[in-house]
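Novice: Structure below; questions to follow.
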Amino acid sequence: MQGLLKVSRAIDALNQRIGGIADWLIFLSVLIAAGNATMRYLLDYSTNGLLEVQWYLFGGAVFLGASYTLKLNEHVRVDIVYSHLPERARLIVDAVGLLVFLIPAMAFFAWLSWPVFARAFESGEMSSNYGGLPQWPILLMLPLGFALLSLQGLSELIKRIAALRHEAYVDTHYEKPLQ
């Protein structure tokens with residue numbers, strides 16, 4: 001189990017670094033949006049390329065940040081019963097959900113989205129908008145994001161199994177969002 005926990009820590013470290021990249025993508029997206037709005041209103045100039053860069057950066061942040069969000073246990077969940085369960089039951093619910101739903105679904109989506117990216121990359125597919133950008137960079141975010149989420153799901157599963165075996169501690173506490 002200790003070897004698997006080491007793998008889990010490596011996956012966590014990878015997704016933490018990528019989560020930091022997602023933070024910067026949001027920051028850059030905001031800067032470009034502000035710059036684009038400023039140019040549009042002050043200089044009466046805009047380009048589809050700048051709008052698409054914003055979308056690419058934001059889309060990349062969402063796909064790259066999802067795995068880090070799962071690592072932090074900040075993901076969206078339906079909390080009808082979960083918060084009322086004892087700790088061990090929460091670990092079991094998490095493990096079953098990860099094993100049966102999250103990991104297979106995200107791996108399947110990564111597998112399905114790879115050919116979409118590959119075709120766009122090979123063909124040099126461009127946006128249909130005037131001044132648009134190549135499509136492959138944002139399409140790469142699909143298989144990459146799904147693969148990273150699968151890996152983080154595996155890491156979370158390892159930690160839950162270790163916790164069930166009393167070889168690690170996992171905080172399963174969940175607070176509903178304040179909204």
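What follows is calculated from the coordinates using simple rules that are stated; it is not laboratory data. The shown structure was predicted, so the numbers you read here are calculated from the model rather than taken from an experiment. Neighbour counts are summed over all protein chains in view; Cβ atoms, including those assigned to glycine, are modelled from backbone coordinates with ideal geometry.
Novice: What's the angle, to the nearest 10 degrees (0 to 90), between helix 136-164's Cα axis and the longest principal axis of the chain?
Specialist: For 136-164 against the chain, the angle is about 10 degrees.
Novice: Evaluate the distance, in nm, between pseudo-label points positioned 7 Å from the Cα of Met126 and of Leu112 along their respective Cα→Cβ axes.
Specialist: 3.1
Novice: If packing is taken as the average count of other Cβ atoms within 10 Å, what order do 152-162, 25-35, 97-107, 119-129 fall into, highest mean first?
Specialist: 152-162, 97-107, 25-35, 119-129
Novice: Given (i) 18.4, 60; (ii) 16.1, 45; (iii) 19.7, 64, which label gives Rg and Dmax of the Cα atoms in Å as computed from the coordinates?
Specialist: (iii)
Novice: Using only alpha carbon pairs under 8 Å that are at least six residues apart, calculate the relative contact order of the chain and give it in whole percent.
Specialist: So the answer I get is 31 percent.
Novice: Give me the one-decimal nm value for the distance between modelled label points at Ala105 and Trp24, 7 Å along each residue's Cα-to-Cβ direction.
Specialist: 3.1
Novice: GNM, the chain, Cα, under 10 Å: largest mean-square fluctuation among Ala95, Ala66, Ala37?
Specialist: So, out of Ala95, Ala66, Ala37, the one fluctuating most is Ala37.
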